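As structure tokens, the structure follows; a few thoughts come after it.
Here, each number is a calculation from the coordinates, and none is a lab measurement. None of the values given here were measured: they were computed from a predicted structure. Please note: Cβ atoms are built from the backbone with ideal geometry, for glycine as well, and neighbour counts cover all protein chains shown.
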Amino acid sequence: MRDLGQIIKGSVTVQRPQRIHVNVAATDLLSTVHSLKLSGFNQLTLLTAVDWIDEQQFEVVYLLYSRTEKVVAIVKARIPRGDPEVETIEDLYPNAHKYEVELTEMFGIKVRGNADSGKPFLLENWQDLPPMRKDFDSIKYAGEHYEARHKEVTSD
Amino acid sequence: MDKEVEQGYNSVLESLRKRSLFMLHYCTGCGAMELPPTMTSRYDMERFGIVPYVSPRQSDILIITGYVNIKTLRRIVTTYEQMLDPKYVIGMGSCTINGGIYYDSHSVIKKLDPYIPVDLYIAGCMPRPEAIIHSFNHLMELIDTGKADGYRRYKENADFYRENQRKVLGEWR
Amino acid sequence: MTREYELNIGPNHPGIPGNFSLHLELEGDTIVRANGDSGYLHRAFEKLMEHRLYLQNLGLIPRICVPEPDINEAAYAMAIEELMGVEVPERAKFIRTIILEAARAESYLLDVGGFAATLGLYTLMQWATGDRDYMVDIFAKLTGARIYHMFIWPGGVRRDVPAGFEEDILGWVNYMKGKLSDYDGVFFKNSMFLHRSKGIAVITREEALSMGVTGPNLKAVGVAQDVRKDEPYAAYPYLEFEIPTMTEGDAWARTIVRRLELEMSLNLIEQAVRKMPKGPVMAKMPNPFKWYVPKGDAYARVESSRGEYGFYFVSDGGPKPYRVSVRGVSMAHMYPLAEKLLIGQKLSDASQILNSLGICPPEIDR
């Protein structure tokens with residue numbers, strides 16, 4: 001691979017062929033994505049987040065793909081869990097728009113610069129916590145809101 | 001004398017009705033994967049007179065194919081109320097009976113009965129096309145004997161159904 | 001003088017591929033703006049998978065992408081094998097390839113049947129759904145179920161093929177090859193299809209490359225990108241094939257690419273059956289109740305009939321997955337791309353455009 005370690009201010013590790021893992025600080029995230037796009041990683045494959053509740057942090061994950069080198073770069077950055085915010089990348093990658101709307105709806109992470117961040121996408125009239133957070137208990141929610149069948153149904 | 005004429009007239013009507021049922025083509029869940037083989041030439045349900053149709057105002061059967069998301073439930077109730085009497089509902093798959101494999105999801109309901117009246121359930125995940133055709137035959141028997149009266153129950157217990165719908169869908173109607 | 005009005009091609013519509021809604025703003029007959037409305041099939045798989053053991057998830061994951069369930073199992077198995085460092089035996093790789101290619105052929109037949117039905121040519125829908133059903137019967141003999149197989153497990157496949165499987169599947173492949181010329185005569189060379197799809201909804205090369213489009217939609221603008229060639233998995237390193245491409249980028253080119261890929265899938269199944277070695281079908285895996293995957297994260301991707309499909313898997317060393325994120329193909333095809341392509345088209349072409357892009361709503365909603 002080329003010397004990505006020189007242009008990126010985080011740590012770059014290679015664990016298996018055709019994958020590189022890049023860990024950056026939250027303040028360097030946007031410039032890292034810019035640099036990777038200029039080095040040829042011009043397809044955004046996935047944009048998601050992981051909730052590390054024990055460490056009180058969210059980890060925002062960007063998967064970028066380079067068509068010429070055929071390598072997937074997994075870019076990760078940690079942001080604090082109280083009042084989380086990231087910057088939008090939809091001017092670099094147009095298909096990031098809807099992924100960021102889903103990020104706000106499912107995790108509660110606000111995205112600066114995205115006009116639709118905060119609007120509903122998959123849920124309708126949702127009043128509770130963002131559902132993908134680890135402190136939202138979906139079994140308890142389903143038990144309280146939806147009636148269940150408590151006896152066996154037989155038909156002869 | 002009038003009562004006998006009326007009963008004879010009703011039984012002729014039921015036996016004609018059961019031979020040309022229109023099914024509404026609304027694929028609400030993943031059980032809809034087994035509908036194309038049932039509708040096309042392999043398992044051909046058209047030989048029983050059952051045809052898929054596009055408009056709810058002119059259909060008789062609403063098949064709830066699989067699990068019901070809370071967003072789809074609102075549209076199902078609206079569609080059911082647009083259909084004209086007599087109308088029949090078939091709950092296909094185990095997700096309409098007890099929530100199935102999505103019992104712990106925050107957006108899937110666990111039981112279809114409190115929201116619209118169901119005449120017939122088909123077990124399976126997902127049921128084979130032969131099971132769907134068997135259930136259509138069973139529905140025709142129920143129509144003959146007068147037991148498929150879900151539409152009457154909906155009108156008589158309208159408050160019960162409205163109350164259950166309001167609990168999950170919020171204030172509407 | 002034409003007026004502007006709003007129309008909702010709602011979830012109860014036979015022309016929409018699945019349970020999905022489209023809000024259109026029209027001026028006369030021409031579309032001015034289009035907004036998709038998803039969420040009617042949302043089951044929150046990513047949350048459900050965190051509550052279940054690795055073994056219990058095997059019953060849940062085929063239901064993520066309904067028309068082609070085997071790609072879900074393959075991506076899940078590949079992610080776990082990468083984190084655990086397990087090597088799959090050779091015979092299992094070939095069986096996986098046969099199953100994935102047969103599922104891809106089935107999905108193409110269903111797609112092209114649905115597309116022909118939106119154009120009003122119902123003969124092809126009856127033929128394609130009927131021929132697909134013969135393959136579903138072979139799957140029922142192999143795995144025990146018609147649609148949701150649960151056959152590809154981490155470590156290999158669940159069991160070996162039964163006796164007579166090779167004759168059955170080669171018989172189906174020969175039958176389909178003989179039928180392809182009939183399909184061409186009825187649909188692919190039909191002048192009604194050509195008039196209604198040439199020049200409709202053209203994607204430019206820059207648009208496709210910047211919006212994350214993959215699969216036959218990208219091959220129709222001339223870019224030969226395929227996960228089976230870029231990062232070969234299962235038995236693809238041992239098989240010979242060429243990626244078909246076209247250059248026009250309209251609905252006609254996308255359908256013709258799918259037709260060429262269908263033929264390529266049949267050839268791949270034949271090669272895989274002839275080259276399959278003997279041996280075990282499952283590597284040594286731990287006891288399901290004591291199955292711990294080492295800490296780490298992995299991204300496993302496969303080529304589905306619509307594009308690149310993948311699972312991003314995070315494990316914290318426990319008995320249940322910590323976070324699984326599904327990369328659905330249709331998210332990139334619907335949200336920036338279809339909403340831009342529909343502007344300027346006529347209302348009666350709207351459902352045909354969505355079907356030609358191969359949009360599958362369960363992949364967006366998960």
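Structural remarks
- Using the average count of surrounding beta-carbon atoms within 10 Å as a protection proxy, the listed peptides A:48-58, B:64-74 rank, highest first, as B:64-74, A:48-58.
- Sites B:V51 and C:R3, calculated FRET efficiency, Cβ-Cβ separation with R0 35 Å, nearest 0.05: 0.45
- Helix axis angle, C:70-84 relative to chain C longest principal axis, alpha carbon, degrees: 50
- Its residue count N sets the reference 2.2 N^0.38 Å, and the alpha-carbon radius of gyration of the protein assembly as shown equals 0.97 times that reference.
- Selection of chymotrypsin sites (Phe, Trp or Tyr not before Pro), the stretch B:70-173, meeting DSSP coil and at most 12 other Cβ within 10 Å: B:W172
- Remark: the A:N23-A:L129 segment gains 35.3 nm on full extension, using 0.36 nm per residue and subtracting the alpha carbon distance.
- Karplus-derived HN-Hα couplings along the stretch C:13-18 (A = 6.51, B = -1.76, C = 1.60, θ = phi - 60°), whole Hz, x at Gly and Pro: 8, x, x, 8, x, x
- Loop-resident GluC sites (Glu not before Pro) (DSSP state other than H, G, I, E or B) in the stretch C:223-266 with no more than 13 further Cβ atoms inside 10 Å of their Cβ: C:E240, C:E242.
- Backbone N within the stretch C:335-354 under 17 Å of label point (7 Å from C:D29 Cα along the Cβ vector): C:343-353
- Across peptide A:119-132, the average count of Cβ atoms from other chains found within 10 Å of a residue's Cβ is 5.
- Taken along the Cα-to-beta-carbon direction at a fixed 7 Å, the label points for C:L170 and B:R152 span 6.3 nm.
- Tilt relative to chain C, helix C:251-275 - C-alpha long axis, 0 to 90 degrees, to 10: 20
- R0 of 56 Å, Cβ-Cβ distance A:I53-B:R19: FRET efficiency to nearest 0.05: 0.40
- Sorted fewest first by neighbouring Cβ atoms within 10 angstrom, A:F41, C:F289 come out as C:F289, A:F41.
- Taking the C-alpha atoms only, the angle from helix C:90-119 to the longest principal axis of chain C is near 20 degrees.
- Relative packing of C:98-108, A:128-138, which averages over residues the other C-beta atoms within 10 Å, highest first: C:98-108, A:128-138
- Dimensions of chain C based on its C-alpha atoms, expressed as ranges along the principal axes with the largest first, amount to 73, 46, 35 Å.
- Considering all different alpha carbon pairs of the stretch B:2-160, the Kirkwood hydrodynamic radius works out to 16.2 Å.
- Label-to-label distance, C:W291 versus B:T145, with points set 7 angstrom from Cα along the beta-carbon direction: 4.6 nm.
- Number of partner chain Cβ atoms within 10 Å, mean per residue of C:311-318: 2
- Cα→Cβ-extended label distance, 7 Å offset, between A:R149 and C:S348, nm: 4.6
- Averaged over the residues of peptide B:127-135, the number of Cβ atoms from other protein chains lying within 10 Å of each residue's Cβ is 1.
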